[in-house]
């Protein structure tokens, strides 16, 4: 009789403290007996050390058990010059007995740009970048910020920046470190216009082509997203009737068919330049949000006059036209449902946060930046539909089902890696759910309306845990391919 035993694991994991430089030899890694035992390593063994994009053969040496009882790693000075981590930084070590690969990391890079104004290094996104980078020790890795000008392409290294606390007043400043290119890049480019800058676009392209993992790689275009999702049976029913505006006739046809439509910039965000148009026997009326966030209304006796009035608003941008979905109202205001969907440490999509955004009384837009107010989803569903979001059947389950289906559908349709998405859903007066927009760079508030610190912490940790999963630093992560020494 043969016993059915599982194959023994080939990868071994432990957390260590980075000790920095030790000794005078080259190509050496120093580990205490306890760590050697955990990783199934023996002294004098030659393995391949990997840190981000850097890898090289090294010799394993044992630290004295009397002087180093804690879990720590030291490297020879030549390696410390390349892997310039700060002392006492908590890192994860992974040793693969099949490939003789010893990985230290993960190295997670937050790719962004510097602020052109002197008030802060990274502008309005600095608080979130700081909170993400400060999560590194809890993660067991290094999270650093870098920009296009920080990359040294000739030797695949980067000048990264990590927060360092001022011991006197508790404030943080950005401290410079030298590192190999990271295992994973988490794209934090703040706007479409910056993403299109030649230096940023070139850096994104080269990073994605360099073999590292890269997620949330671009801002989404509304029309391209619609095209990508319309052929996926699981989600096409959530898509509103939509067309690309190639000529005014496209708008005319939608107005003739639906009487009320929305014009939206295909590459727009934050509700900017969205126009609502209504057709009647007297002509056309429209409303849009001005640059100073005022609702501007107008009328036109015929379609040509309407187009003449809207020409300055639309400019040369590409627009889509959508049917007005006749969405439900809460307290006489339009509302939508905002969902923050994020990948977790297993690479699975999870619903981190869901709430309702109720438009301001004078607005047809539900953006918080336009004065909309957040409301608990149960409050709104109970008031409007006499149902609960947590019900196992009915509207609540239909919303949860949409949230489960849309992120993987987008990922499959685009062939890109996404770690988080902002999903905006609408509910019409018949209770049908519609997909209004998918945002690939969702806003992250560091203050919770529910007062839940855990919710904020979870929203920060999940994309970093997903990055750690991608980098191969969890036991359940896919194993790295057999490396080729430099």
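Each reported figure results from applying straightforward, stated rules to the coordinates on display, with no laboratory input. The structure presented is a predicted model; accordingly, all values stated were derived computationally and were not measured. All Cβ positions, even for glycine, are placed from backbone atoms using ideal geometry, and neighbour counts span all protein chains on display.
A crude spin-label estimate for the pair residue 234 and residue 348, with each label 7 Å from Cα along the Cβ direction, gives 1.4 nm.
Entry note, the chain: the mean residue ellipticity at 222 nm calculated from DSSP H runs of n ≥ 4, each adding -39500 (n - 2.57), is -7000 deg cm²/dmol after division by the residues and rounding to the nearest 500.
Estimated from the Cβ-Cβ distance and a Förster radius of 30 angstrom, the FRET efficiency linking residue 86 and residue 475 is about 0.70. The length gained by stretching the chain between residue 134 and residue 317 to full extension, at 0.36 nm per residue less their Cα-Cα distance, is 61.9 nm.
Each peptide in 465-472, 402-409, 80-87 was scored by the mean count of other Cβ atoms within 10 Å over its residues; highest first, the order is 465-472, 402-409, 80-87.
Rounded to the nearest 10 degrees, the inclination of helix 453-471 to the longest alpha-carbon principal axis of the chain is 60 degrees. Only Cα pairs under 8 Å and 6+ residues apart enter the sum, and on that basis the relative contact order of segment 65-166 stands at 24 percent.
Relative to a virtual label point 7 Å from the Cα of residue 149 in the Cα→beta-carbon direction, which members of segment 174-198 show backbone nitrogen distances below 15 Å? Taking a point 7 Å out along Cα→Cβ of residue 149, the residues of segment 174-198 whose backbone N falls under 15 Å are 198. For the pair residue 164 and residue 256 in one chain, pulling the backbone fully straight at 0.36 nm per residue adds 27.1 nm over the alpha carbon distance.
Taking 17 Å as the cut-off, the amide N atoms of segment 8-23 that come nearer than this to a point 7 Å along the Cα-to-beta-carbon line of residue 64 belong to 22-23. Each of residue 455 and residue 331 was given a label point 7 Å from its Cα along the Cα-to-Cβ line. The distance between the two points is 1.7 nm.
Extension gain, residue 175 to residue 278: 0.36 nm times the residue separation minus the Cα-Cα distance gives 31.6 nm.
In this calculation the C-beta distance from residue 401 to residue 295 is compared with R0 = 25 Å, giving a FRET efficiency of 0.15.
Between the alpha-carbon centers of segment 395-431 and segment 69-88, tell me the distance in whole angstrom. For segment 395-431 versus segment 69-88, the Cα centre distance is 44 Å.
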